[in-house]
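Visitor: There's a structure below that I have some questions on.
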Amino acid sequence: MSANPATNPAAPAPRVPSGALRALLPALAGHRAMAVRTCAAALVDQAALVALVTLAAHTVGTALLERAAPPPAAVAALTVLVLVRAVSTWREMDLSHDLAYRVLAALRVRVFDGLARSAPARIAGRRSGDLAATAMADVEALEFLYAHTTATLLASGAVFAAGTAVLAAVEPWTVAVVLPVAALLAAVPLLDARTRTERGARVREEAARLSAEAVETVDGLRELLAFGALDRRRARLAERGRALGAAQRAEASWEAGAAAVREALVVAAVAGTVAVTAWSVSAGRLPGAWAPAVMALALGILAPVAEAAASLGRAGSLRAAAARVGAAIGAPALAPPPRDPRPVPDGPLGVRMRGVHFDYGGAPVLTGVDLTVPAGRTVALVGASGAGKSTCAHLLARFWDPARGAVELLPGDGPPLDVREAADADLRRAVAVVGQDAPLFHGTLADNLRLAAPDAGDADLRAVARACGVDRIAAHLPDGYATVLGERGATLSGGQRARIALARALLARPRILVLDETTANLDTAGDAELAAALAADAPRRATLVIAHRAATVRRADRVAVLEEGRITAEGTWAELAARGALSRVLPGA
Ligand SMILES: Nc1ncnc2c1ncn2[C@@H]1O[C@H](COP(=O)(O)OP(=O)(O)OP(=O)(O)O)[C@@H](O)[C@H]1O
């Protein structure tokens with residue numbers, strides 16, 4: 001079993017870059033006016049409370065000494081302060097949460113943009129549950145930072161400064177008690193900032209792991225059941241849950257310790273203030289009636305400092321979440337948008353890979369692929385499993401860029417256009433890739449078909465659906481094309497999903513179509529039916545077919561063999577079969 005940092009204190013703590021919290025603060029920039037209003041409300045809220053307790057203490061002290069009812073003006077002022085405090089508390093909470101939720105909504109979109117920009121390689125390297133944790137739980141955790149920390153810190157600082165000035169004017173010795181206690185309160189979260197960050201990072205990491213395991217388990221429930229692996233998986237989930245619990249417990253007990261230290265400091269401040277005030281009264285420096293007010297003011301300005309110190313401490317444990325969100329937001333684009341995008345010319349298009357080298361950060365996958373699919377032609381790409389065929393498909397659609405070489409669009413007239421320079425929207429309209437298990441989305445069958453062509457009319461939709469056999473699927477669904485498909489199309493068979501995925505691509509009328517094992521889930525008759533659907537307007541597009549099935553490959557105009565990272569043979573089926581170039585990659589050819 002792997003060492004668990006939450007249960008094994010010797011394990012290296014997750015590394016969190018410094019400045020992670022600060023790096024996210026510009027997210028407030030778009031909401032400056034609201035942030036200022038939130039800080040103002042927090043300031044009024046805290047100031048009203050300090051004024052209220054100070055005035056109340058003074059009123060009671062005076063009434064006791066003079067044995068007289070408090071004057072109506074003092075009662076009225078106290079009433080007003082209670083009302084101001086009530087309204088400002090409501091206003092501060094309302095504004096701070098409004099601000100926090102607006103910022104979080106914008107952050108979620110930016111995290112999604114970052115993932116989309118760096119997908120799909122990034123997604124391949126991380127588990128989807130982990131990504132979901134980043135996008136949702138980490139962003140959610142930051143609510144505390146935006147809603148509670150920033151405004152609390154500023155307001156308590158201002159109230160403390162003003163209160164200290166008043167104390168200094170009335171009885172300077174009380175400042176000698178208040179200042180060191182406030183300094184210690186502020187220092188506690190700073191002193192243990194590093195370990196606090198590490199503990200917070202462990203909690204978030206364990207939560208992300210648990211989320212990844214849970215998503216994977218639910219996704220693979222059928223396989224786990226079929227292979228009798230459910231109990232083992234359950235035990236693993238329980239272990240992950242325990243690890244998360246241990247990390248949370250470690251964080252909570254430290255938090256409890258920090259709270260106890262804060263309380264002890266406040267108690268010391270109470271004792272010190274009582275002693276100093278008594279001494280001041282007995283020395284005749286302070287009128288007796290003022291003593292309760294001075295004590296109330298001293299403690300009243302320390303309470304927000306203690307609260308701010310607690311917020312600062314909790315914010316420190318959010319550093320890991322902030323770092324992950326920041327990393328997702330700042331993820332570099334794997335296919336950066338062109339600086340000076342060029343439109344993709346109208347008319348027929350071919351596509352060419354020229355000297356393409358590519359790797360996923362490890363061993364080279366493609367080492368100089370030269371492959372041309374002319375407009376109006378169909379080329380089949382064959383190769384052993386893992387040879388890099390899907391990688392070629394993804395490069396053609398510009399999910400990634402080659403390390404060396406180029407992918408070029410070949411217009412009927414005019415020079416080749418490097419896909420790195422093509423306007424993204426034009427490129428997406430021109431090129432479609434249909435994989436073996438293209439995911440469907442929660443929504444109606446018609447919505448799924450219109451994914452790439454939202455404006456396609458009903459007549460076009462039905463014609464394409466008929467050609468791909470999707471009309472027969474719709475006929476068996478309760479509401480036909482208006483039937484809501486389950487998440488990822490889970491209610492459909494693999495072959496049905498393949499038909500819908502192909503119809504979805506054809507409806508968008510791509511000029512370059514890449515079929516990556518699209519019909520692998522279909523029987524021979526289904527494969528032939530989809531081939532006929534494709535043949536109908538094959539002359540008006542360039543088609544690259546990646547397949548392991550001989551019948552599918554045979555229909556192509558030309559066949560290219562991908563081996564050891566490059567094209568080792570190319571020609572018609574008959575030519576290659578005669579040379580024996582296909583037998584290695586297509587058994588029986
Ligand atoms: N996202 C990824 N990150 C890292 N390595 C990857 C990634 N995708 C593919 N690979 C690796 O790149 C190599 C080529 O994979 P690719 O999917 O292109 O092969 P393929 O020829 O399409 O295989 P198959 O016929 O089995 O689908 C393999 O070694 C694979 O493990």
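Visitor: Output the antiparallel fraction of DSSP beta bridges having both residues in region 485-589, as a percent to the nearest 5.
Guide: Numbers: 5 of 10 bridges.
If I count the DSSP bridges inside region 485-589, around 50 percent turn out antiparallel.
Visitor: On C-alpha positions alone, give me the angle between the axis of helix 150-170 and the longest principal axis of the chain, in degrees, nearest 10.
Guide: So the helix axis and the longest Cα principal axis differ by about 10 degrees.
Visitor: Per the Cauchy relation, a quarter of the hull surface: what is the mean projected area of the convex hull of the alpha carbons in the chain, in nm²?
Guide: The Cα convex hull of the chain, projected and averaged over all directions, gives 36.4 nm².
Visitor: Moving on. So if I average 1/r over every pair of distinct C-alpha atoms in region 349-579 and take the inverse, what Kirkwood radius in Å does that give?
Guide: Values: mean 1/r = 0.0552 Å⁻¹.
Kirkwood radius, region 349-579: 18.1 Å.
Visitor: Can you give the log10 of the normalised intensity I(q)/I(0) at q = 0.19, 0.27 Å⁻¹, computed with Debye over equal Cα scatterers of region 385-427?
Guide: One equal scatterer on each Cα of region 385-427 leads to -0.62, -1.02.
Visitor: Can you give me the long-range amide H partners of Gly350? Hydrogens built in the peptide plane at 1.01 Å from N, cutoff under 5 Å, separation of 5 or more residues or another chain.
Guide: Long-range HN contacts for Gly350: Ala375, Leu410.
Visitor: For Ala183 and Gln248, FRET efficiency with R0 = 41 Å and r from the beta-carbon atoms, rounded to 0.05?
Guide: On the way: r = 31 Å, r/R0 = 0.75.
Efficiency at R0 = 41 Å is approximately 0.85.
Visitor: Continuing with the same structure: Specify the inter-centroid distance of region 335-351 and region 496-533, based on alpha-carbon positions, in whole Å.
Guide: For region 335-351 versus region 496-533, the Cα centre distance is 25 Å.
Visitor: Shifting gears a bit: Working out 0.36 nm times the residue gap between Ala275 and His442, then minus their Cα-Cα distance, what length gain in nm do you get to one decimal?
Guide: Details: separation 167, 0.36 × 167 = 60.12 nm, distance 6.92 nm.
Fully extending the segment from Ala275 to His442 adds 53.2 nm.
Visitor: Treating the angle as unsigned and between 0 and 90°, give the value, to the nearest 10°, between the Cα long axis of helix 32-66 and the longest Cα principal axis of the chain.
Guide: 20 degrees
Visitor: Over region 458-549, calculate the relative contact order: mean separation of alpha carbon pairs under 8 Å at least 6 apart, over the residue count, as a percent.
Guide: Working: 77 pairs, mean separation 29.6, N = 92.
Computed value for region 458-549: 32 percent relative contact order.
Visitor: Taking 0.36 nm per residue of sequence separation and subtracting the Cα-Cα distance, how much length would be gained by fully extending the chain between His97 and Leu190, in nm to one decimal? Don't skip to the end; give the middle numbers.
Guide: Numbers: separation 93, 0.36 × 93 = 33.48 nm, distance 2.59 nm.
So the extension gain works out to 30.9 nm.
Visitor: Which percent of Cα-Cα pairs in region 255-295 sits in each 10 Å bin, short to long?
Guide: Whole-percent P(r) values from 0 Å outward: 30, 37, 20, 12, 1.
Visitor: Measuring from label point to label point, each 7 Å out along Cα→Cβ, what is the Ala452 to Asp413 span in nm?
Guide: 2.8 nm
Visitor: Hey, can you rank 260-266, 478-484, 378-384 by average C-beta count inside 10 Å, highest first? Could you put the intermediate results ahead of the total?
Guide: Details: 260-266: 15.1, 478-484: 13.6, 378-384: 23.1.
Highest mean packing first, the order is 378-384, 260-266, 478-484.
Visitor: Moving on. Would you grab the residues whose amide H sits under 5 Å from the one on Val559? Only those 5+ places off in sequence or on another chain, please, with H modelled 1.01 Å from N.
Guide: Under 5 Å from the amide H of Val559: Ala380, Gly571, Thr572, Trp573.
Visitor: Which value results for Rg/Rh of region 494-582 when Rg is the Cα radius of gyration and Rh the Kirkwood radius based on the inverse mean 1/r?
Guide: Values: Rg = 13.6 Å, Rh = 13.9 Å.
Radius of gyration relative to Kirkwood radius: 0.98.
Visitor: While we're looking at this one, here's another question. Which percent of Cα-Cα pairs in region 192-281 sits in each 5 Å bin, short to long?
Guide: Result returned by the calculation: 3, 12, 14, 13, 10, 9, 8, 7, 6, 5, 4, 3, 3, 2, 1, 1, 0.
Visitor: Can you list the equivalent-ellipsoid semi-axes of region 342-463, largest first and in whole Å, using the square root of 5 times each Cα gyration tensor eigenvalue?
Guide: Numbers: eigenvalues 147, 79, 36 Å².
Equivalent-ellipsoid dimensions as semi-axes: 27, 20, 13 Å.
Visitor: Taking K and R as +1 and D and E as -1, what net charge do the other residues with C-beta under 13 Å from the C-beta of Leu507 add up to? Don't skip to the end; give the middle numbers.
Guide: On the way: positive: Arg429, Arg450, Arg462, Arg466, Arg499, Arg504, Arg509; negative: Asp447, Asp455, Asp458, Asp460, Asp537.
My count for the surroundings of Leu507 gives +2.
Visitor: Antiparallel as a % of all DSSP beta bridges within the chain, to the nearest 5? Walk me through the numbers before you get to the answer.
Guide: Details: 23 of 41 bridges.
Approximately 55 percent, going by the DSSP bridge assignments.
Visitor: What FRET efficiency comes out for the pair Ala525/Glu140, r = Cβ-Cβ distance, R0 = 45 Å, nearest 0.05?
Guide: Details: r = 50 Å, r/R0 = 1.11.
Step by step, r from the Cβ atoms, then E = 0.35.
Visitor: Another question, then. For region 22-329, count all C-alpha to C-alpha pairs, find those more than 25 Å apart, and express that count as a whole percent of the total.
Guide: Values: 28802 of 47278 pairs.
Across region 22-329, Cα pairs with separations above 25 Å total 61 percent.
Every number here is computed from the coordinates shown, using simple stated rules; none is lab data. In this text, all values refer to a predicted model and were calculated from it rather than measured experimentally. A quick note on method: Cβ atoms are made from the backbone with ideal geometry, for glycine too, and the neighbour counts reach across all protein chains shown.
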